[in-house]
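Here the structure comes first, spelled out in structure tokens, and everything after it is commentary.
The values are calculated or read from the model by the stated rules, or taken from the named source; none is laboratory data. Given the structure is predicted, the values throughout are model-derived calculations rather than measurements. Methodologically, a virtual Cβ is constructed for each residue, glycine included, from the backbone with ideal geometry; neighbour enumeration extends over all protein chains shown.
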Amino acid sequence: MSLFRQLFYKQRKFYDDDFDWDNYTADSYHRRLKEDVETEFRAISNKGQLSFDAETGHVTSHGEGIHPNHQLIFEAIGQLRPETVHEVGCGGGDHVANASTLFPDVHVTGGDRGQTQLELALQRHPQLKGRIGIQDITMPFSTAWPKADMVYSQAVIMHIHTAVSHFVGLANMVRQANDFVLLVENNQCHNFVRDIEALFAGGHLAWDTLQIYRMDGSGGARGILLAREAQDLPRLTSDVEICEGVKPSMRRLKRAAEDSARGLFGFDLA
Ligand SMILES: C[S@@+](CC[C@H](N)C(=O)[O-])C[C@H]1O[C@@H](n2cnc3c(N)ncnc32)[C@H](O)[C@@H]1O
């Protein structure tokens, strides 16, 4: 390699994850929870503060409101009725704790790659001891990870942009789930539908069958539901559909396209 190319090679540009996860709680997460979430919504719900109506499939918050994304997660659990649920990137543990309070018969666990995020989760919810653990969803799949009927993430995969890590994370979530994967993410940060279809077509997903649906929460949040079996929900065939009506962010869409372009799927014979 010429000296010029070597220098250029050293300065090559890759996207990184959006945050340094080892310092994330101190750098921004704790402040964001306090200033962005807790000033507008109730983040921790005690018994009786949330209820699920099986007829409408809606979750109602009594007293202060909850964030629409969180409402969507709880509505998905109520409607899909998994016996076990696992949150990838559970951070401060609020959803694991609130889902357990709302659905006491459902066993909910959580994993996160950040030690200090899990410490924060145990400060906020001491009852989660023994149910949350260190998990890097971009590592090779581990049989130590708890299997669950439904695996979900909220605001996690959208921040993962290092090399092909988001593909690995998505494939791992499918492998960890028996029946459902719910993605509650910023849908402009990755081409989720396109990337998941490519992973499936290339043989990277553990399921034999895959259905992709749009799941809308009663509070207006949108999620992407991957299901092993057919569901009575609107099918998603493109990323344009899930982003419909949302103001485009050119920066995010460009980065999503570059992330997608890094994927090499399957085994095309030479
Ligand atoms: C924006 S926070 C969201 C936390 C939580 N889901 C919530 O809704 O409050 C993103 C979280 O994902 C975690 N995370 C990032 N990359 C991860 C990975 N590769 N595996 C597991 N967790 C990860 C971070 O440590 C952080 O706690």
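General observations
- Evaluated against (1) crowded, with 20+ Cβ neighbours inside 10 Å; (2) within 16 Å of the ligand (Cβ to nearest atom); (3) assigned to a helix (DSSP H, G or I), residue 188 falls short on exactly one condition, (3).
So that you can scan it fast, the table gives a plain yes or no per residue for (1) closer than 27 Å to residue 24 by Cβ; (2) not hydrophobic (A, V, I, L, M, F, W, C); (3) not in a helix (DSSP H, G or I):
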| site | (1), (2), (3) |
| --- | --- |
| 60 | no, yes, yes |
| 66 | yes, no, yes |
| 70 | yes, yes, no |
| 74 | yes, no, no |
| 78 | no, yes, no |
| 82 | no, yes, yes |
| 86 | yes, yes, yes |
| 92 | yes, yes, yes |
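- Close pairs from the range 94-111: first outside any loop (DSSP other than H, G, I, E, B), partner basic (Lys, Arg), Cβ under 6 Å, at least 6 apart: 101/47; 109/131
- Every condition in (1) at pLDDT 95 or above; (2) surrounded by fewer than 19 Cβ atoms within 10 Å (Cβ to Cβ) holds for residue 163 except the one numbered (1).
- Pairs where the first residue, in the range 171-192, is touching a residue at least 12 places away in the same chain (Cβ under 8 Å) and within 19 Å of residue 74 (Cα to Cα) and the second is assigned to a strand (DSSP E or B) and of a type in the set (Val, Ile, Thr), C-beta under 7 Å, 6+ apart: 173/88; 173/151; 173/181; 177/151; 181/151; 183/224
- For the range 151-169, residues that are more than 11 Å from the ligand (Cβ to nearest atom) and either touching a strand residue (DSSP E or B) at 6+ places or on another chain (Cβ under 9 Å) or not in a helix (DSSP H, G or I) (or both) total 3.
- Conditions (1) buried (at least 20 other Cβ atoms within 10 Å of the Cβ); (2) among the small types (Gly, Ala, Ser); (3) within 13 Å of the ligand (Cβ to nearest atom); (4) more than 21 Å from residue 33 (Cα to Cα); number of the one not met by residue 148: (3)
- Of everything in the range 14-29 that is more than 11 Å from the ligand (Cβ to nearest atom) and touching a helix residue (DSSP H, G or I) at 6+ places or on another chain (Cβ under 7 Å), the residue that is modelled with the lowest pLDDT is 15.
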